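Throughout, read-outs are computed from the coordinates displayed, never taken from laboratory work. Note that the coordinates shown come from a computational prediction; the quantities given were computed from them, not determined experimentally. Ideal geometry is used to build each Cβ from the backbone, glycine not excepted, and the neighbour counts take in all protein chains shown.
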Amino acid sequence: MPFFERRIGFEYKGDIDLVTEADRASEELIVSRIRAEWPHHDIVGEEGTRDIHGGDFRWYVDPLDGTTNFAHGYPVFCVSMGLELDGNLILGVVYDPTRDELFAAEKGSGATLNAKPIHVSSTTTLAESILGTGFPSFKRHKNPNIHFYHQITLRSHGIRRAGSAALDLANVASGRFDGYWEFNLNPWDTAAGVLLVQEAGGTVTRFDGSPFDIDSKETLASNSLIHEEVLQNFREIFAGRGLEQLPPVIRK
Ligand code: IPD
Ligand code: CA
Ligand code: CA
């Protein structure tokens, strides 16, 4: 938060992929604490940590999820950490320092927000749902998501594009969103949030309904109740059926 309040500058990692001193300081702190406590655990961190020595445990660390927001002073960002044991997610935490909200999940023990149990929403139709999505900066010209954004907007209460995938997933887990999807996320974006959704009673799959895995480039999360309907809509959109056309932009 002190970095955020000082409005520190940013650098470019890629085309429009931003990074700040806060991303690096956060990763350094988290990784040093994990190494001190559990020297044999593997660690994969977005800002370059690759401690991989074939251990049973593997951490996925996103030291600052929502860097573009952070760099522009928009207060939507978090820290996200997921832990795998033998390739299965067993623990996830997402911390939002702007609201002092800590989302946590342990495999088989449910999910909590500031230590109180949370559950996904009870909305049963897409038409009555609010959903989140996002647009990664990497290869943005190749991302077809704007078509999905348009079509699903017209079939629901609306879509939010807040800029932090881990918080979007935490919002599904806590019932603030009924669903969320995104193309091309990385393991550190999804590891914690996916377990949060599952432990809160939700479902996470790829866009064809097949099981999600950490290297999936497709993430579709929901409260379980609307999952089949969203999948059906995705099938239609991928096939180009029943699409609403975008209105013309040229003013006469
Ligand atoms: C990004 C955010 C954003 C999502 C991007 C991610 P970063 O993570 O989660 O919401 O749309 O795909 O890369 O770069 O801020 O850690
Ligand atoms: Ca991220
Ligand atoms: Ca990040």
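So in the stretch 61-89, with the set limited to residues that are of a type in the set (S, T, Y) and within 11 Å of ligand 3 (Cβ to nearest atom), which one is nearest to I16 (Cα to Cα)?
Initial filter on the stretch 61-89 (of a type in the set (S, T, Y)): 67-68, 74, 80.
Adding the requirement that they be within 11 Å of ligand 3 (Cβ to nearest atom) leaves 67-68, 80.
Details: T67: 11, T68: 9, S80: 22 Å.
Only one residue fits best here, namely T68.
Which residues, taken from the stretch 194-209, are assigned to a helix (DSSP H, G or I) and of a type in the set (D, E)?
Filtering the stretch 194-209 for residues assigned to a helix (DSSP H, G or I) gives 194-199.
Matches in the stretch 194-209: E199 only.
Considering R160, R58, R99, R140, which residue is buried (at least 19 other Cβ atoms within 10 Å of the Cβ) and of a type in the set (K, R)? Give the steps one after another, and end with the answer.
On the way: R160 fails: buried (at least 19 other Cβ atoms within 10 Å of the Cβ); R99 fails: buried (at least 19 other Cβ atoms within 10 Å of the Cβ); R140 fails: buried (at least 19 other Cβ atoms within 10 Å of the Cβ).
Answer to the selection: R58.
Limited to the stretch 173-191, what total is found for residues that are under 10 Å from the mean Cα position of the chain (by Cα) and either of a type outside the set (S, T, N, Q) or at positive phi (or both)? Reasoning before the result, please.
Initially, the stretch 173-191 is screened for residues under 10 Å from the mean Cα position of the chain (by Cα), giving 180-182, 185-191.
Subsequent filtering for residues that are either of a type outside the set (S, T, N, Q) or at positive phi (or both) retains 180-182, 185, 187-189, 191.
Total satisfying the criteria: 8.
Where residues in the stretch 172-201 are farther than 22 Å from H147 by Cβ and in contact with a Gly (Cβ under 6 Å, 6 or more places away or on another chain), which of them is farthest from ligand 2 (Cβ to nearest atom)?
E199
Each row is one residue, and each column tells you yes or no for (1) of a type outside the set (A, V, I, L, M, F, W, C); (2) in a strand (DSSP E or B); (3) surrounded by fewer than 14 Cβ atoms within 10 Å (Cβ to Cβ).
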{"position": "G9", "(1), (2), (3)": "yes, no, yes"}
{"position": "R24", "(1), (2), (3)": "yes, no, no"}
{"position": "L29", "(1), (2), (3)": "no, no, yes"}
{"position": "R33", "(1), (2), (3)": "yes, no, yes"}
{"position": "V44", "(1), (2), (3)": "no, yes, no"}
{"position": "H53", "(1), (2), (3)": "yes, no, yes"}
{"position": "T68", "(1), (2), (3)": "yes, no, no"}
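How about the stretch 162-189: which of its residues are charged (D, E, K, R), closer than 20 Å to F234 by Cβ and more than 8 Å from ligand 1 (Cβ to nearest atom)?
Matches in the stretch 162-189: D178 only.
Step by step: first the residues of the stretch 150-172, then only those that are under 18 Å from R99 (Cα atoms), touching a strand residue (DSSP E or B) at 6+ places or on another chain (Cβ under 7 Å) and in a loop (DSSP other than H, G, I, E, B), then the one that is nearest to ligand 3 (Cβ to nearest atom). Which residue is that? Step through it out loud before you land on a result.
Our first condition is that a residue be under 18 Å from R99 (Cα atoms); within the stretch 150-172, this holds for 162-172.
Restricting the remaining residues to those that are touching a strand residue (DSSP E or B) at 6+ places or on another chain (Cβ under 7 Å) gives 162, 164-172.
Remaining after also requiring in a loop (DSSP other than H, G, I, E, B): 162, 164.
Values: A162: 14, S164: 9 Å.
Going through the qualifying residues, I end up with S164.
With respect to L29, determine if the residue is over 23 Å from L196 (Cα atoms) and either within 12 Å of ligand 3 (Cβ to nearest atom) or over 15 Å from the mean Cα position of the chain (by Cα) (or both). Even if it seems obvious, please write down each step before you answer.
Numbers: over 23 Å from L196 (Cα atoms): yes; either within 12 Å of ligand 3 (Cβ to nearest atom) or over 15 Å from the mean Cα position of the chain (by Cα) (or both): yes.
Yes, satisfied.
Taking strands (runs of 3 or more DSSP E) that fall entirely within the stretch 86-147, which contain at least 2 residues that are under 18 Å from the mean Cα position of the chain (by Cα)?
Details: elements: 88-96, 101-106, 110-113, 116-118, 130-133.
Where strands (runs of 3 or more DSSP E) fall fully within the stretch 86-147 and carry at least 2 residues being under 18 Å from the mean Cα position of the chain (by Cα), they are 88-96, 101-106, 110-113, 130-133.
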